[in-house]
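Asks: Before I ask anything, let me first share the structure, which is written out below as C-alpha cells.
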Amino acid sequence: MSICYDQLVPVVFGEGAVHELGEKVRALGCRRVLCVYGQSVKASGIAQKALNALQNAGIETVIFDKVSGEPDDQLVDECGALALAESVDGVVGIGGGSSMDCAKAASLLLKYPAPIRQYFTAPPSFLEAPVPVILVPTTAGTGSEVTQVSVITKLPEHHKPAIFMRPALAVVDPELTYSSPASVTAYAGFDAFAHAAESITAKGRNERSELLAMAAIEKIAVYLPRVLKDPMDKEARHHLSLASNWAGIAFADTDCHLGHAMADGLSAGCGTPHGLNCIWINPELMAECAIYIPEEVKKIGLALGGSYRGDESAQEIGEITAGYIRDLMEKCQLPTPSEKGITSEQMQSCAATVMEIDLGLRLNCPFEATEEIVRQIYRKSFERLQNSRVDSI
C-alpha cells in the first residue's frame, strides 16, 4: 500500500524571523494586507513588530484585533467583512491557534459569500484561499501555521467544525513565544504533544510523519519542563517552537484522531482550554490504542525517554506508556479536572457530543470509538488525574 506525504506550507524559522515578514509577504505579491490578532498580542508588542516589518517593506496594513479565545463563526464573518470592505490582497494571522484559525477562515470570505457557517461540512470542505495567507505563531503548540485546518466554534451549539484551506507561508520566530504565560505555554506544549502522539497512532500514519512526531515528543519531554521553570530559556524556547512546528507537519499528513474529538467535546461541554483537554485524555487514550497497535504506542514512550523489557503484553505497553505521559504532566504541574471545577459525570456527559461531531477524527482512530468506549476513557482519565497531584500552574 502506498502513502502520500507533503509539506503543505513553506516555513521561515529562526530567532528574529519576524523581521523578514515584510519582504516575504511582498514576495508573495501582497501590497495591502489584513492583520488578524488579539489584544494580548497587541499588549505584548509582538503585533507592532510584525506591523513594522510589513510597513518597512511598503505594505499597507488593515487591523482586526478582536480575537479573544477560540474564534466563533460570527467573529470570522466580521473579520471577513472587514477584509472585503478594505480590498486587501493578503491576510496575516499573528498569535496562537485562535488568531491563525480566524485569519484562515476569514480569508475565504474574500471569495466565498458569507456566512462562514454554510461551509461547515462533515467531512470538512477544502476551499481554495483567494489570497495568500501568512501565519506568525506566538505560542509553541497548535502547529496551525503548517496545516490546512481552521477550527471555528459554531454558535450557539459551541461545536467545533473545521474548514480546510492551504496557507501560503509560515514565519516561526521562537522569540515571539517569550511573553506567553506559564499556563498558555504548558497547554500549548501538550497540544503539540497530542498532535504528535495521535499522528503516530492514527490510521493514516506514515513513516515521515512518525519521524517528525517522535522528534517533537523528544523535544517536548526535555524542554517543556525547562521553559516552565525559566520562561527566558532561549534554548528551550527554540526547541519547543521546532517541536510544535514538526508536530504540526506530522499531523498535517495523518490528521489527529479520537483525542482531539474528545478534547472538542470537553471544550463544548466544559469550556476548558483545548491543550489541557487533549493531555487530560491522552494517557488513557494511548493505553486503549496499545491494545490494537502496541508497537506504535511504545514509540511514544521511547520518545519520552522511557524503556521497555521487550516481552510486555499490549496492555502492559499501554500502561507503561500512559505512566510516562503522566510523569511529564506531573513535572509540568498541570491542573486536574476537579481543580477546574469539573466532575467525572460532566466529563462523561461529553461523550454524546463527541458522537455528534468530528466523525472524521473518530474514524481515524485505530479502534472503533463507540460512545461507551469514549465515556470509559473520560471516566478513567478523571479517576487517574484525581489521584495525581495538588499544586498546579
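Asks: Looking at Ala182, is it out of contact with any Pro (no Cβ under 9 Å at 6 or more places or on another chain) and either in the same structural domain as Cys256 (by TED's automatic domain parsing) or small (Gly, Ala, Ser) (or both)?
Replies: Numbers: out of contact with any Pro (no Cβ under 9 Å at 6 or more places or on another chain): no; either in the same structural domain as Cys256 (by TED's automatic domain parsing) or small (Gly, Ala, Ser) (or both): yes.
No, not satisfied.
Asks: Within region 9-46, which residues are loosely packed, with under 15 Cβ neighbours inside 10 Å and of a type in the set (A, V, I, L, M)?
Replies: Passing the criteria: Ala27, Ala43.
Asks: Under the condition of being farther than 24 Å from Cys79 by Cβ and hydrophobic (A, V, I, L, M, F, W, C), which residue from region 13-36 is nearest to the chain's Cα centre (by Cα)? Quick ask: steps written out before the conclusion?
Replies: Taking region 13-36 first, the residues farther than 24 Å from Cys79 by Cβ are 13-17, 19-20, 23, 27.
Checking which are hydrophobic (A, V, I, L, M, F, W, C) leaves us with 13, 17, 27.
Values: Phe13: 18, Ala17: 21, Ala27: 28 Å.
By that ranking, first place goes to Phe13.
Asks: Which condition does Thr142 not pass, out of (1) part of a loop (DSSP other than H, G, I, E, B); (2) surrounded by fewer than 24 Cβ atoms within 10 Å (Cβ to Cβ); (3) not aromatic (Phe, Trp, Tyr), if it passes all the others?
Replies: Condition not satisfied by Thr142: (2).
Asks: Is it the case, given these coordinates, that Glu175 is closer than 22 Å to Ala216 by Cα, at pLDDT 95 or above and surrounded by fewer than 23 Cβ atoms within 10 Å (Cβ to Cβ)?
Replies: The answer is yes for Glu175.
Asks: Contact list please: Cβ distance under 7 Å, first residue in region 197-226 and in contact (Cβ under 8 Å) with a residue 40 or more places away in the chain and closer than 12 Å to Ala250 by Cβ, second residue hydroxyl-bearing (Ser, Thr, Tyr) and surrounded by fewer than 17 Cβ atoms within 10 Å (Cβ to Cβ), pairs at least six apart or on different chains.
Replies: If the second residue must be hydroxyl-bearing (Ser, Thr, Tyr) and surrounded by fewer than 17 Cβ atoms within 10 Å (Cβ to Cβ), the pairs left are Asn206/Tyr5; Arg208/Tyr5; Ser209/Tyr5.
Asks: Of all residues in region 227-253, which are in contact (Cβ under 8 Å) with a residue 24 or more places away in the chain, within 19 Å of Asp173 (Cβ to Cβ) and among the aliphatic types (A, V, I, L, M)?
Replies: Val227, Met232, Leu240, Leu242, Ala243, Ala247, Ile249
Asks: Looking for whichever is free of Cβ contacts under 8 Å to residues at least 40 places away in the same chain and in a helix (DSSP H, G or I) here; the options are Glu295, Glu330. Which one fits?
Replies: Values: Glu330 fails: free of Cβ contacts under 8 Å to residues at least 40 places away in the same chain.
Every option except Glu295 fails the conditions.
Asks: Also, I was wondering about something else. Is there a residue being under 24 Å from Lys154 (Cα atoms), within 24 Å of the chain's Cα centre (by Cα), modelled with pLDDT of 95 or more and surrounded by 15 or more Cβ atoms within 10 Å (Cβ to Cβ) anywhere in region 325-334?
Replies: no
Asks: Got a sec? Which of Glu316, Glu288, Glu284 is modelled with pLDDT of 95 or more and either under 21 Å from the mean Cα position of the chain (by Cα) or part of a loop (DSSP other than H, G, I, E, B) (or both)?
Replies: Of the residues listed, the single one that is modelled with pLDDT of 95 or more and either under 21 Å from the mean Cα position of the chain (by Cα) or part of a loop (DSSP other than H, G, I, E, B) (or both) is Glu284.
Asks: Suppose we filter Ala261, Ala216 for residues that are of a type in the set (Gly, Ala, Ser), touching a Lys or Arg at 6+ places or on another chain (Cβ under 8 Å) and closer than 29 Å to Ser68 by Cα; which single one remains?
Replies: From the options Ala261, Ala216, the qualifying one is Ala261.
Asks: For region 298-307: of the residues being touching a helix residue (DSSP H, G or I) at 6+ places or on another chain (Cβ under 6 Å) and free of Cβ contacts under 8 Å to residues at least 60 places away in the same chain, which is surrounded by the most Cβ atoms within 10 Å (Cβ to Cβ)?
Replies: Ranking the qualifying residues of region 298-307, first place goes to Gly301.
Asks: Also: For Ala215, which of the numbered conditions (1) surrounded by 22 or more Cβ atoms within 10 Å (Cβ to Cβ); (2) at pLDDT 95 or above; (3) small (Gly, Ala, Ser) fails to hold?
Replies: (1)
Asks: Can you run down the residue pairs with Cβ atoms below 8 Å, 6 or more apart or on separate chains, where the first is in region 361-383 and over 13 Å from Trp280 (Cα atoms) and the partner is polar (S, T, N, Q)?
Replies: Short answer, once both residue conditions are applied: Asn364/Thr254; Pro366/Thr201; Arg375/Gln348.
Asks: In addition: Which condition number does Cys289 fail, the rest of (1) out of contact with any Pro (no Cβ under 8 Å at 6 or more places or on another chain); (2) within 28 Å of Tyr223 (Cβ to Cβ); (3) surrounded by 15 or more Cβ atoms within 10 Å (Cβ to Cβ) being met?
Replies: With respect to (1) out of contact with any Pro (no Cβ under 8 Å at 6 or more places or on another chain); (2) within 28 Å of Tyr223 (Cβ to Cβ); (3) surrounded by 15 or more Cβ atoms within 10 Å (Cβ to Cβ), Cys289 is out only on (1).
Asks: Search region 335-366 for residues being under 24 Å from Pro294 (Cβ atoms) and part of a helix (DSSP H, G or I), and hand back the single one that is farthest from the chain's Cα centre (by Cα).
Replies: The extreme case among them is Leu363.
Asks: Please list, ordered by first then second residue, the pairs with beta carbon atoms under 6 Å, 6 or more apart or interchain, first in region 254-280 and more than 18 Å from Gly360 (Cα to Cα) and among the β-branched types (Val, Ile, Thr), second assigned to a helix (DSSP H, G or I) and modelled with pLDDT of 90 or more.
Replies: Listed pairs, sorted by first residue: Thr272/Leu266; Thr272/Lys340; Ile279/Phe190.
Asks: If you don't mind, another one. Could you identify the single residue in Lys104, Lys49 that is among the basic types (Lys, Arg) and either within 20 Å of the chain's Cα centre (by Cα) or under 19 Å from Pro167 (Cα atoms) (or both)?
Replies: Every option except Lys104 fails the conditions.
Asks: Considering only residues that are polar (S, T, N, Q) and assigned to a helix (DSSP H, G or I), which ones fall in region 202-256?
Replies: Within region 202-256, the subset polar (S, T, N, Q) is 206, 209, 241, 244-245, 254.
Matches in region 202-256: Ser209, Ser241, Ser244, Asn245, Thr254.
The values are calculated or read from the model by the stated rules, or taken from the named source; none is laboratory data. No experiment lies behind these values; they were computed from the predicted model shown. Neighbour counts are summed over all protein chains in view; Cβ atoms, including those assigned to glycine, are modelled from backbone coordinates with ideal geometry.
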